[in-house]
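To start, the structure under review is shown below, and the notes come after it.
Where a number appears in this text, it was derived from the coordinates with a stated rule and is not lab data. All values derive from a computational prediction rather than experimental measurement. Here the Cβ is made from the backbone with ideal geometry for all residues, glycine too, and neighbour counts use every protein chain on show.
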Protein chains: 2
Amino acid sequence: MDTARPTGVSAAPADSAATPLYLRLAGGIERAIASGAMRPGDRLPSVRQLSQQHDVSLTTALQAYRCLENRGLVQARPKSGYFVAPRTYTLPEPQIDLSIAGASFVSMDHVLHEFLQMVDHPLAAPSFNAAPARTLLPEAKLQHLLAGVNRRHPEYASKYQMAGSTALRQEIARRAVTSGVHLHPDEIVITNGGMEAVYLALKSVASPGDTIVLESPTYFHLLQSIESLGMKVLEIPSHPRDGISLEALDFATQIPGAVKACVLLPNFPNPMGSLMPVAHKRRLVRMMAERRITLIESDIYGELYFGEQRPPVLKSFETDGDVILCSAFTKTVAPGYRIGWVAPGRHFLKTQALKVRTSVACPLLQQEVLAQFIRDGGYDHHLRKLRAALKTQATQMADAVARHFPPGCRLSRPQGGLMLWIELPRHVDSREVFALARREHIGVAPGAAFSCGRRFDHYIRLQYGEPWSPRMEAALQKLGQIVTRLAQERPESGVERGMPLGEVLA
Amino acid sequence: MDTARPTGVSAAPADSAATPLYLRLAGGIERAIASGAMRPGDRLPSVRQLSQQHDVSLTTALQAYRCLENRGLVQARPKSGYFVAPRTYTLPEPQIDLSIAGASFVSMDHVLHEFLQMVDHPLAAPSFNAAPARTLLPEAKLQHLLAGVNRRHPEYASKYQMAGSTALRQEIARRAVTSGVHLHPDEIVITNGGMEAVYLALKSVASPGDTIVLESPTYFHLLQSIESLGMKVLEIPSHPRDGISLEALDFATQIPGAVKACVLLPNFPNPMGSLMPVAHKRRLVRMMAERRITLIESDIYGELYFGEQRPPVLKSFETDGDVILCSAFTKTVAPGYRIGWVAPGRHFLKTQALKVRTSVACPLLQQEVLAQFIRDGGYDHHLRKLRAALKTQATQMADAVARHFPPGCRLSRPQGGLMLWIELPRHVDSREVFALARREHIGVAPGAAFSCGRRFDHYIRLQYGEPWSPRMEAALQKLGQIVTRLAQERPESGVERGMPLGEVLA
């Protein structure tokens, strides 16, 4: 069995004099691909170039490429030569379990406390925090804009606006058109990030004891937020590719008045990265309207699509103002600005009043900087670059998982966003994976954090916001080893399933 | 009856040739005092100088001073000459009504909606917004510090810290000593202003349906916040000088378990500006501890004392960690930064977790600027100047109220803070005063906004955060005319008592 190679970058067998020449050559190319030095779609040297570069025969060079082709790592294209293969998922997709548990109050602290302690961990790679790496964010541009706004507006230290900056609300309204909705700036309330937006939306339409339906798995902050509001959660199974199961949702919302609101991310939710097809979106909005269930959608990952087009939001299909659209700039531009927004439709006055009595207002400075960045600071250019980088990084991390994780694992195919969702063999406790990976400074979110139930105890979430690097490759290799070892052990030899995370970590 | 003189500065009878010379001279000095050109304590010209300046006899000059002395506007000090008199309140203090209504759920929107629409009103003088004027705040200094922080830390666009900036928490802990408490930086959670601090504290210790005791009157954002949390409010009468009545509080909290928490501002609360004597503070903390009622104190005005010493916070008298101290920099340094904090004592973990699930974190940029300003940016110097200005402005506004308001009015004697609390004749509807004053761009808060009951329907709040000016004098004169007219009318001739504010305004 492999021992730890904390600084190694190679996924191939170690070279030795006994290894045939073509295999050593192939190993070198494999390492270059694994390290990200060569990326999917990159053209490889011709057979002739390869033989000259490495001083080997043409046959040996060809053998090396054929070997890599057999392993799915490179592709021969007629008359063009060899290319690094596009990602080939060698792991199947996670399964969907369509059973539904009853509505229940949330209680997650035992799972989450230790995890949340880690979110700021500065050394973890991949990081625990689901956001693009700093190098992918427009820090220098924002710094420049902020210096200008600060110079022109010393009064932003003293002033605030309850509804939020007019300029920013105008830009949000203007941009919303690309997601299919027409908003007036006065229909928008600026919030402290996307979390406060959803929190205010929930508080606007539901009361303690009410039942809220959610896609499952979903992100822990949402579950915690509902817990803190004293509402009940009814988790609806969600497909890793299409999002929430409309059949299960249909079934769960038959009884009039039993469910007050439905919260979901139609585009690339945390942790699955799924994308609801347009037909599903339309059907969902109609179903909820018929049943008088308020739809609260968060679109914080909506701009991070890997496909050709910006997917529409649910609100673009509504007819009666009962869809509340929440979003934020924390996943795309400036996590540190903590700026989000909500367009509450016919719940506007209630939501605006709640914002005032929760936290009054948000600082104007960063709002004005964002407004300028969106208006004429290269927002679209930035988003294009960010999307391309994330798509590549998703491929690279998925490849690494496929290479390093043991048989029996399953892997999501994100359509956008920032995360991979991995199903491990059923007897592997993801909280143990979390605890062991943490010691190696590898950021893993345990699946238990994404549900009130135990359905995802053998899942983990990884985030691919950072550019690929030898360190990431090594981390994924190490993580694969941890999972492999736990998969080989029986539960009784290690930590028992169902133990509180605190004890697992002790 | 006087007609409106919107740009006039004179409170004295108009001069005319028929007016004796000494009265005309006195009138000029009275106008200079009223306009703020001469302030309480200022030395006046000697009798000889006055006679020379105005080319009048020594007798006439002396007569003018004697006349002003008779009216309480100037003081003769033996061997020193004449001085502008310290403020002499000619109105009695408001009364305290010790009756207590039962606990009730809050419902205030009918009163508050229109008022809150006005808070941002840029033209109002005095403004609707209870904060020091921009000219009294260190905008230029903060602008300079912010430029430096922005230059050194572009990463603050991307990064955030859930607990808040370490540097700021260190400064808060260091400063807390002056208010009598020893805090560790890790016991503090940074919040979006003082409002979120109290909101999180309430949510940490109480649940929907629980009863919270408050001093009455109290600020409407607090009442609204409790409303939004689904908790009940039990209002305890508060004395305009000493704060909450301990006898009434004692009586109201006899039944074990009936009250979950007590929220109050021991130092200069909005709207009364009272100051709890130290003996009261000690007794209050002991009483609440014995009855296992969590004390939540907001000290946002604590630095704005008019006396010799920084008054202690309630938390300085606690023994068991059950006093939650909330504060903010929104009333003293930078309203626009929206930065507050909470030291939740033994409720720390709960409060910290709630912060994360409500709004995750606050921007680091402004936190670092504040930390620097407190550490070595002249925070103390700024506070000294601000306190002196507010004390003078309180005097000037109180004088103007005493001069312009009709008999039967009563006026608080604020010990610090930003507001005057004025009791009008009982049949005057303060919502009508609000509506009429609004048309003149005069910021008045109707008393109804400071209670769930009707106890303060004939009170108004004014704020003296702006430096005195002819415009302020004219506004107070106009306001006095409005109140005088309403006091002379019978209720049936105007708006009926108890009408919703919306109808009053319509």
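Just to confirm a number: summing +1 for Lys and Arg and -1 for Asp and Glu over residues other than A:ILE100 whose beta-carbon lies under 11 angstrom from that of A:ILE100, what do you get? Present the calculation step by step, with values, prior to reporting the outcome.
Working: positive: A:ARG455; negative: A:ASP97, A:GLU235, A:GLU247.
Result for the neighbourhood of A:ILE100: -2.
Through the Karplus equation 6.51 cos²θ - 1.76 cosθ + 1.60, θ set to phi - 60°, convert the phi angles of the stretch B:376-381 into ³J(HN,Hα) values in whole Hz; use x for Gly and Pro.
For the stretch B:376-381, the Karplus-derived couplings read 8, x, x, 4, 5, 4 Hz, x marking Gly and Pro.
Which of the peptides A:427-434, A:310-317, B:78-85, B:44-51 is most tightly packed, and how do the rest follow, judged by the mean count of other Cβ atoms within 10 Å per residue?
A:427-434, A:310-317, B:44-51, B:78-85
Take the stretch B:358-403, drop everything but the C-alpha atoms, weight them equally and run the Debye formula without solvent; then report log10 I(q)/I(0) at 0.14, 0.19, 0.30 Å⁻¹ to two decimals.
Rounded to two decimals, the profile gives -0.58, -0.71, -0.98.
With N set to the residue count of the stretch B:125-268, report its C-alpha Rg divided by 2.2 N^0.38 Å to two decimal places. Mind dumping the intermediate values first?
Working: Rg = 19.2 Å, N = 144, 2.2 N^0.38 = 14.5 Å.
Computed over Cα atoms of the stretch B:125-268, the ratio equals 1.32.
Is there a pair in A:LYS281/A:LYS331; B:LYS159/B:LYS391; A:LYS159/A:LYS350; A:LYS232/A:LYS355 whose C-alpha atoms are over 31 Å apart, and which pairs would that be? Intermediate results must be reported in sequence, preceding the final value.
Details: A:LYS281/A:LYS331 23 Å; B:LYS159/B:LYS391 41 Å; A:LYS159/A:LYS350 24 Å; A:LYS232/A:LYS355 22 Å.
Table pairs above 31 Å Cα-Cα are B:LYS159/B:LYS391.
Would you kindly derive the ³J(HN,Hα) couplings of the stretch A:482-488 from the backbone phi angles with the Karplus curve 6.51 cos²θ - 1.76 cosθ + 1.60 (θ = phi - 60°), listing them in order in whole Hz, with x for Gly and Pro?
Per-residue couplings from phi come out as 4, 5, 4, 5, 5, 5, 7 Hz.
Report, ordered by chain and residue number, the aspartates and glutamates lying within cross-link reach of B:LYS141, taken as a straight Cα distance under 14 Å and ignoring same-chain residues fewer than 8 apart.
Those aspartates and glutamates meeting the cut-off are A:GLU155, B:GLU368, B:ASP376, B:ASP380.
Would you kindly compute the Cα radius of gyration of chain B and its largest Cα-Cα separation (Dmax), both in Å?
Here Rg and the maximum Cα pair distance are 24.3, 76 Å.
Where the centre of each part is set by its Cα atoms, how far does the stretch A:394-469 sit from the stretch B:232-280, in angstrom?
Between the Cα centre of the stretch A:394-469 and that of the stretch B:232-280, the gap is 53 Å.
Hey, for A:ARG375 with labels 7 Å out along Cα-Cβ, what do the inter-copy distances come to in nm, ordered shortest first?
3.5
Between B:THR135 and B:HIS381, what is the label-to-label distance in nm when each label sits 7 Å out along the Cα-to-Cβ direction?
So the label points at B:THR135 and B:HIS381 sit 2.1 nm apart.
Would you pull out the residues with amide H under 5 Å of B:PHE268's amide H, same chain only if 5 or more places away, H placed 1.01 Å from N?
B:SER274, B:LEU275, B:MET276
Using the Cα centre as the reference, give the magnitude of the dipole from point charges on the C-beta atoms of chain A (Lys, Arg: +1; Asp, Glu: -1; all else neutral), rounded to the nearest 20 debye. Write down the numbers at each step before the final one.
Values: 57 positive and 47 negative charges, 234 e Å.
Charge dipole of chain A: 1120 debye, to the nearest 20.
Ranked highest first by the average count of other Cβ atoms within 10 Å around their residues, in what order do A:190-197, B:364-371 fall?
Working: A:190-197: 28.8, B:364-371: 25.5.
In descending order of packing, they fall as A:190-197, B:364-371.
Rounded to whole angstrom, how close does the nearest chain A beta-carbon get to the axis mapping A onto B, and which residue is it?
In chain A, the Cβ lying nearest the symmetry axis toward B is A:PRO208, 2.
Kirkwood Rh and Cα-based Rg: tell me the resulting Rg over Rh for the stretch A:381-505, rounded to two decimals. List each step's numbers first, then the result.
Values: Rg = 14.8 Å, Rh = 14.9 Å.
Here Rg/Rh amounts to 0.99.
Over the stretch B:270-421, what relative contact order in percent results from Cα pairs under 8 Å that are six or more residues apart?
Working: 166 pairs, mean separation 50.1, N = 152.
Relative contact order here is 33 percent.
Using the Cα atoms of the stretch B:155-377 to build a convex hull, what is its mean projected area in square nanometres?
Details: hull surface 46.0 nm².
With the hull built on Cα positions only, its mean projection is 11.5 nm².
Using +1 on the beta carbon of Lys and Arg, -1 on that of Asp and Glu, and nothing else charged, what's the dipole of the protein assembly as shown about the Cα centre, debye to 20? List each step's numbers first, then the result.
On the way: 114 positive and 94 negative charges, 376 e Å.
Roughly 1800 debye for the protein assembly as shown.
Calculate the dipole size of the stretch A:158-379 relative to its Cα centre from +1 charges on Lys and Arg beta carbons and -1 charges on Asp and Glu beta carbons; express the result in debye to the nearest 20. Intermediate values should be presented prior to the final figure.
On the way: 23 positive and 21 negative charges, 79 e Å.
I would put it at about 380 debye.
If we hang a label 7 Å off Cα along the beta carbon direction at A:PRO86, how far is it from the matching labels on the other copies, in nm, shortest first?
Between copies, matching label points for A:PRO86 lie 8.5 nm apart.
What average number of partner chain Cβ atoms lie no more than 10 Å from the Cβ of the residues making up A:328-334?
Other-chain Cβ atoms within 10 Å of each residue's Cβ, averaged: 2.
What is the Å³ per residue value for the convex hull set by the Cα atoms of the protein assembly as shown?
Numbers: hull volume 197.0 nm³, N = 1012.
Measuring per residue, one finds 195 Å³ for the Cα hull of the protein assembly as shown.
Just counting partner chain Cβ atoms within 10 Å, what average do the residues of peptide B:227-238 show around their Cβ? Display every interim value, and only then the final one.
Numbers: counts 3, 9, 6, 6, 0, 0, 0, 0, 0, 0, 0, 0.
Neighbouring Cβ atoms belonging to other protein chains average 2 per residue here.
What's the angle, to the nearest 10 degrees (0 to 90), between helix B:348-359's Cα axis and the longest principal axis of chain B?
Rounded to the nearest ten degrees, it is 80.
State, to one decimal in nm and shortest first, how far the label point of B:PRO20 sits from each corresponding label point in the other identical copies (label point: 7 angstrom along Cα-to-Cβ).
12.6
Among B:PRO467, B:PHE83, B:ALA157, whose Cα sits farthest toward the positive end of the charge dipole of chain B (+1 at Cβ of Lys/Arg, -1 at Cβ of Asp/Glu, about the Cα centre)?
Final value for the positive-end residue is B:PHE83.
Aspartates and glutamates near B:LYS385 by alpha-carbon distance under 13 Å, same-chain residues fewer than 8 away left out - which ones?
By straight Cα distance, B:LYS385 reaches B:GLU303.
Where the centroid of each part is defined by its Cα atoms, how far is the stretch B:183-222 from the stretch A:308-350 in Å?
Centre-to-centre (Cα) distance: 29 Å.
Inside 10 Å of the C-beta atoms of A:348-360, what's the mean count of C-beta atoms belonging to other chains? Provide the component values of the computation, followed by the final result.
Numbers: counts 0, 2, 2, 0, 1, 7, 4, 0, 8, 15, 13, 15, 12.
Across the residues of A:348-360, the mean count of other-chain Cβ atoms within 10 Å is 6.
Just order A:162-172, A:177-187 by mean Cβ neighbour count inside 10 Å, highest at the front, would you?
Details: A:162-172: 20.5, A:177-187: 15.7.
In decreasing order of mean packing, A:162-172, A:177-187 become A:162-172, A:177-187.
Which whole-number percent gives the relative contact order of chain B, counting Cα pairs below 8 Å spaced six or more residues apart?
Values: 965 pairs, mean separation 108.7, N = 506.
Averaging sequence separation for qualifying contacts and normalising by length gives 21 percent for chain B.
Quick check on the protein assembly as shown: helices-only [θ] at 222 nm, where DSSP H runs of length 4 and up contribute -39,500 (n - 2.57) each and the sum goes over total residues. Nearest 500, please. Don't skip to the answer; put the middle values down first.
Working: 32 runs with 395 residues, N = 1012.
Calculated at 222 nm, the ellipticity per residue is -12000 deg cm²/dmol.
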